[in-house]
1. Once the convex hull of the alpha carbons of segment 101-182 is built, what does its volume come to per residue, in cubic angstrom?
2. To the nearest 10 degrees, how steeply does helix 76-85 sit against the main Cα axis of the chain, on a 0 to 90 scale?
3. Can you give the extra length, in nm with one decimal, that the chain gains between Thr200 and Ala66 once fully stretched, where that is 0.36 nm per residue apart less the Cα-Cα distance?
4. Leu96 versus Arg221, label points 7 Å from Cα toward the beta carbon: distance in nm?
5. In degrees, nearest 10, range 0 to 90: what is the angle between the Cα axis of helix 230-242 and the longest Cα principal axis of the chain?
6. How are the Cα pair distances of segment 13-256 distributed, in percent, across 5 Å bins from 0?
7. Less than 16 Å from a label point 7 Å out along the Cα-to-Cβ axis of His174: which backbone N atoms in segment 109-147 qualify, by residue?
8. Around Ala43, which amide H atoms from residues at least 5 apart in sequence, or from another chain, sit under 5 Å from its own amide H, with H modelled in the peptide plane?
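Bear in mind these aren't lab numbers, they're just calculated from the coordinates by the rules spelled out. Keep in mind that what you see is a predicted model, and the values were worked out from it rather than measured. Note that each Cβ is placed from the backbone with ideal geometry, even for glycine, and that neighbours are counted across all protein chains shown.
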Amino acid sequence: MTSTVFETDTPDPTAYLDRVAATDLGRAYKQRMLDELDVRPGATVLDLGCGPGTDLDSLATAAGPAGRVIGVDHDRAAVDTAAARTAGRPAVEVRLGDLHDLPLPDGAADRARTDRVLQHVADPGRALAEVGRVLRPGGRLVMGEPDWGTLTVDHPDGELTQAYTRYVTERAVHNARIGSRLPRLAVEAGFEVPAVLPITPVLRDVRAADRILGLERCTRRAVTAGYLTPDGADRWLDHLENGPFLASVTFYVVVAT
């Protein structure tokens, strides 16, 4: 089908992260994560999987002029972008590194955060153990991750919805259920988990939802992977475009100490 509603081309990763952060939803959950992180003036704060540096400025502001913020990402282009964006922030440093083997000594930081990163890593448990290694005693980690198993996109044909969600959880996202599993994984890595905060936004505008979820692109990939037929995909997208639209997914903010 030809549509002016859905975004067919895969967006540039930096542009995608920036636009999600600029939405009301993005601003709200990022502020909630910052509040839970409880950064004190003078603290050393890690942004693990910092991407293009979207959140480094807010962390540096929270840490104050005596603080230090270190962003770590495995992607060279993201690291270069983040470094350029924070060039005027002498307390901010950006390093190339792997969350499974952080380029930091033991007990290097007071606070750490991950934001929609652990759903993509090879071994979340190992990454969490590394965060535990580099945090000082009394340190705090705040993580934000979706549980894609909670994804609901309303459609008159429930089997199409189930097929789409199965594709997302089984093929599209490496650790699709990470949001609800984070508390257990954090405890297994040696943390205590004093708070788990679920956030479930409800999206009623299909264009806004598509700019976050990539509905048409994901649907076409589900066809290629055998989860949907071409006819089923067309019927699915036609209703999403023309019928009343509703989608939701639960995002978990998990505090670990």
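1. 85
2. That works out to roughly 70 degrees.
3. 44.6 nm
4. Taking the simple label geometry, Leu96 and Arg221 are separated by 2.6 nm.
5. Helix 230-242 and the main axis of the chain meet at about 80 degrees.
6. Taking all Cα pairs of segment 13-256, the binned fractions are 1, 6, 13, 17, 18, 15, 11, 8, 5, 3, 1, 0 percent.
7. Correct set: 114-131, 145-146.
8. Residues meeting the amide H criterion: Arg68.
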